[in-house]
Amino acid sequence: MSTERSVRITFFFKHLEGFLYRHLECRLNEALHAFLQSTYGLDFPNLVIEQPPKVEFGEYALPIAFELARKLRKAPRKIAEEIIAGIGTVPGFEKFEVAGAGYINVRVNRAQVAIELVADHEPAEKVPAGKVLVEHSSINPNKAAHVGHLRNAILGDTFVRLLRFAGREVDIQNYIDNTGVQVADVVVGFLHIEKKTRAEIEVLAAAPRFDFYCWDLYARASQWYEQDKQNLQKRLATLHAIEEGNNETAAIADLISIAVLRRHLETMDRLDIEYDFLPRESEILHLHFWDAAFTKLKEAGVLTYETEGKNKGCWVMRRAGTSNTSNTEDAGDQEEGKITEEDQKVIVRSNGTVGYVGKDIAYHMWKFGLLGRDFGYRKFYRYPNGRDCWISSTQGEKNHPHFGDVAEIYNVIDARQAEAQNTVIEALRGLGHSEAADRYTHFSYEMVALTPRCAAELGYELSEEDKARPWIEVSGRKGFGVKADDLMDALIASARTEVDSRHPELEDAERAAIAEKIAIGALRFFMLKYTKPSVIAFDFKDALSFEGETGPYVQYAVVRATNIFRKGGFNPDSFCRDRIGIASSDGDGARAVSTESSGNAADFGRYFEGLDGSEIWELWLSAAKTSYIVAQCIATTEPAYIAKHAFQMAQLFNTFYHRHPILAEADEGRKRFLLTTAAVVRRELIRVLNMMGSSVPTAM
RNA sequence: GGGCCCGUAGCUCAAACGGAUAGAGCAUUGGAUUUCUAAUCCAAGGGUUGCAGGUUCGAUUCCUGCCGGGCCUACCA
């Protein structure tokens, strides 16, 4: 395990460039991998690299020696020593040391990381080929969006931003189910309960917050069905008329769904959430996507025709998650591929109509470019920034962007639909598109429910049983829930009260703008701080909080950093460039930035020494982790990590801010170092907030 | 009945791949230099990680069983 070998190993590093946390981790991984391979002939496909519990232990920790102890029949400490002796030097690392019973703690070259950060130099990544499609929101266009939809849209939009940060090209789609029962119910409400004419509905649809009107009407329609079961016939007739198209009822349904859809886009635009394309179920129907899919599904034997039992006359497929590996003894008795009734999912009903899973299969074949058909496209909505959002249409415009035909898809859909999603995946697999199925991710998350207390606040009467529940599910049918716009209004009003009392000197418009940024920042952070499998039991008290682990806490850290530069007469955005600017042209910052003047990046090493230095280093380290966290978020489809990261960095910054009065610092070199620290952290915080879809107010 | 998810401090949540003393926020209590500083900072108390086994050098994490809760399980979408 000579150094010669180490040098040779070094030669094969794929990630020679980069000194940020993520690059160093990759390089450490490769160095270790190569060493274990060449020395012990062992291959570890996924080596564990941890983060030590405390920064004093270093930046990385390797528990590998414990794992090797058994295989090599040696003490872990001994193995750890061997590895350290054999691995030699790795660029960017300063020291490997044995700790505890056999950990290898790894220290990085702090100054080198700092130089990289100051230069804001992120080496070009090898980005996987192909486009990514993220589908999110997908709100039924029959009533106002509520808190549950906010969670969906915020998760989806943040994931899009994370992917784009990682260099991926992303299409954002919002699937619109405009021909289903939910829309039919509102149509029934207008035509049969309120007995409105088309002209009257048109007037209502043009009024502000038409979706709120529909919210109530939808709940009334549900009640109306319960009053008299005969009324359900109206629903059925309406549904048929809508699916059929080309009639007055369908036209009214279209006008309603379009108006509500516009409201949804406006609501989401308040959160800076945009879409590229809105595929609608009506086009999946009218452009006969299903026919094309049906033929292929039959040919591939994915669908089977039932000739008896409760699903007689239906085309069914195996429900995902049910086992088709029947006991071998039984196999002889049963026909090949026979699915028990319980495990059957009806795709085509006995009356020949297709259910939503079938339509979803066709839609997903289209997404991967496997259907052989395409939508028509027309422009639908223009965002304030000038970008267009397109919608599906039977007859489209000639020139339109190319949608679909993507390499990977992520569907942001709540956990209740896991089985349906998995059934679509299995259908793709059954069609022989395993590689597509493997790149199909159901981005599953749990619902937003309301705490019993919150429900009571909203004026709902609760049974004793309900009061004892941890949460109560939102129900559109009952009109039970918190509307997205109402929540945003409440947040803005609450933030506004605070801003008014803190900054009476500011103009009204500026105070309004500040309150809005705080409100949106709070909301987005709130929806992101919970991990996906956690049900959010919504409560106004938690959501309206602007202190502690919240979005405004992070925004405030940035405002504080900005204040330092303003008071000091510096430009925070160009501060780092001005420090390092001239020197980094030959690509190697470490050498190029010499120690010609104190306060240069290369000088930073000494400021990281000692206890005080280590504390500041922890802040730099956090700032260096952004791309690492992003990669982790994408790999685990978990945006919560980015919120956690933002909070932790802000927390470290606030401590730093409190401990070091920067502008009062007498030592010029040290002052510049502290300013650079603030500039770098500020930049990273803004970057991370942008990924979470929020921006920073001018004052707080 | 079957499938999926959850159970961690008084409350709300973290702890990717099994790893070092299980961490935050809120709430409670006590403190913070007229400063770039209070939407902030520091400190204290608070834990048998639902229960019982198993695997492992090591389990909040993996396996089995039980207890408690949620969701899915329509010729609805």
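The values are calculated or read from the model by the stated rules, or taken from the named source; none is laboratory data. Since the model is a prediction, treat every value here as computed from it, not as a measurement. Methodologically, a virtual Cβ is constructed for each residue, glycine included, from the backbone with ideal geometry; neighbour enumeration extends over all protein chains shown. What goes into the accessible areas is simple: the full protein's heavy atoms, side chains included, and nothing from ligands, DNA or RNA. Shrake-Rupley method; radii C 1.70, N 1.55, O 1.52, S 1.80 Å.
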Amide proton proximity set for A:Phe93, modelled H, under 5 Å, gap of 5+: A:Asn109
So, with points 7 Å from each Cα along the Cβ direction, the A:Asn385-A:Ala206 label distance in nm works out to 3.2 nm
Restricted to chain A, the DSSP antiparallel beta bridge percent, nearest 5, is 55 percent
Could you tell me the distance between the Cα centroids of the range A:428-447 and the range A:476-532, to the nearest Å? 36 Å
Relative packing of A:634-645, A:291-302, which averages over residues the other C-beta atoms within 10 Å, highest first: A:634-645, A:291-302
Restricting to Cα pairs below 8 Å that are 6+ residues apart, what does the relative contact order work out to for chain A? Please round to a whole percent. 14 percent
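Give me the number: length gained by fully extending A:His658 to A:Tyr356, i.e. 0.36 nm times residue separation minus the C-alpha to C-alpha distance, one decimal in nm. List each step's numbers first, then the result.
On the way: separation 302, 0.36 × 302 = 108.72 nm, distance 5.69 nm.
Full extension of this stretch gives 103.0 nm more.
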Under 5 Å between amide hydrogens, which residues at least 5 positions from A:His146 or on another chain qualify, with H placed 1.01 Å from N in the peptide plane? A:Ala484
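Below 13 angstrom from the Cβ of A:Leu621, what's the summed charge of the other residues (Lys, Arg +1; Asp, Glu -1)? Mind showing how you got there, number by number?
Numbers: positive: A:Arg22, A:Lys54, A:Arg107, A:Arg110, A:Lys625; negative: A:Glu25, A:Glu56, A:Glu59, A:Glu116, A:Glu615, A:Glu618, A:Glu684.
The answer is -2.
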Could you pull the accessible area for A:Ser463 with a 1.4 Å probe, rounded to 10 Å²? 50 Å²
Residue-normalised accessible area of chain A, given per residue in Å² at a 1.4 Å probe: 45 Å²
Which angle from 0 to 90°, rounded to the nearest 10, does the C-alpha axis of helix A:668-691 make with the longest principal axis of chain A? 20 degrees
To the nearest 10 square angstrom, how much accessible area does A:Arg378 have with a 1.4 angstrom probe? 80 Å²
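In percent, what relative contact order does the range A:453-542 have, based on Cα pairs under 8 Å that are 6 or more apart in sequence? Intermediate results must be reported in sequence, preceding the final value.
Values: 44 pairs, mean separation 28.1, N = 90.
Over the range A:453-542, the number comes to 31 percent.
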Strictly over 25 Å apart at the Cα level, which of A:Lys483/A:Lys644; A:Lys195/A:Lys359; A:Lys298/A:Lys345 would you flag in this model? A:Lys483/A:Lys644; A:Lys195/A:Lys359
Antiparallel bridge percentage (DSSP; both residues within the range A:71-190; nearest 5): 60 percent
Using only the alpha-carbon atoms of chain A as identical scatterers, what base-10 log of I(q)/I(0) does the Debye formula give at q = 0.06, 0.07, 0.08, 0.11 Å⁻¹? -0.45, -0.61, -0.78, -1.24
For the range A:49-63, in order, what is each residue's ³J(HN,Hα) by Karplus, 6.51 cos²θ - 1.76 cosθ + 1.60 with θ = phi - 60°, in whole Hz (x at glycine and Pro)? 10, 9, 9, x, x, 10, 5, 4, 7, x, 9, 9, 9, 10, x
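Place the peptides A:447-456, A:193-202, A:133-142, A:654-663 in order of packing, highest mean first, counting for every residue the other Cβ atoms within 10 Å and averaging per peptide. Write out the running numbers ahead of the final one.
Values: A:447-456: 20.0, A:193-202: 13.2, A:133-142: 25.1, A:654-663: 15.1.
Sorting A:447-456, A:193-202, A:133-142, A:654-663 by mean packing, highest first, produces A:133-142, A:447-456, A:654-663, A:193-202.
Summing Lys, Arg as +1 and Asp, Glu as -1, what charge do residues with Cβ under 15 Å from the Cβ of A:Ile514 carry, A:Ile514 excluded? Write down the numbers at each step before the final one.
Numbers: positive: A:Arg496, A:Arg502, A:Arg511, A:Lys517, A:Arg560; negative: A:Glu498, A:Asp500, A:Glu505, A:Glu507, A:Asp508, A:Glu510, A:Glu516.
Every neighbour counted, the sum reads -2.
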Centre separation in Å (Cα based) which lies between the range A:336-395 and the range A:287-316: 15 Å
Taking θ = phi - 60°, what integer Hz values does the Karplus form 6.51 cos²θ - 1.76 cosθ + 1.60 yield along the range A:480-486, in sequence order, with x for Gly and Pro? 9, x, 9, 6, 4, 5, 4
For A:Gln51, enumerate residues with amide H under 5 Å from its amide H, sequence gap 5+ or separate chain, H modeled in the peptide plane. A:Ala61
Applied in sequence order to the range A:494-506, the curve 6.51 cos²θ - 1.76 cosθ + 1.60 (Karplus, θ = phi - 60°) yields integer Hz couplings, x standing for Gly and Pro, of 5, 5, 4, 4, 5, 4, 4, 6, 8, 10, x, 6, 7
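Which value at 222 nm does chain A reach when only helices count, each DSSP H run of 4 or more adding -39,500 (n - 2.57), with the total divided by all residues and rounded to the nearest 500 deg cm²/dmol? Write down the numbers at each step before the final one.
Numbers: 29 runs with 355 residues, N = 700.
Using -39500 (n - 2.57) per qualifying helix, the result is -16000 deg cm²/dmol.
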So, counting K/R as plus one and D/E as minus one, what does the shell of residues with Cβ under 9 Å around A:Ser222 add up to? +1
Using only Cα atoms and rounding to the nearest 10 degrees, what angle (0 to 90) does helix A:248-270 make with the longest principal axis of chain A? 20 degrees
Inter-part distance where the range A:175-198 and the range A:119-143 are each reduced to a Cα centre, Å: 34 Å
What's the angle, to the nearest 10 degrees (0 to 90), between helix A:640-659's Cα axis and the longest principal axis of chain A? 40 degrees
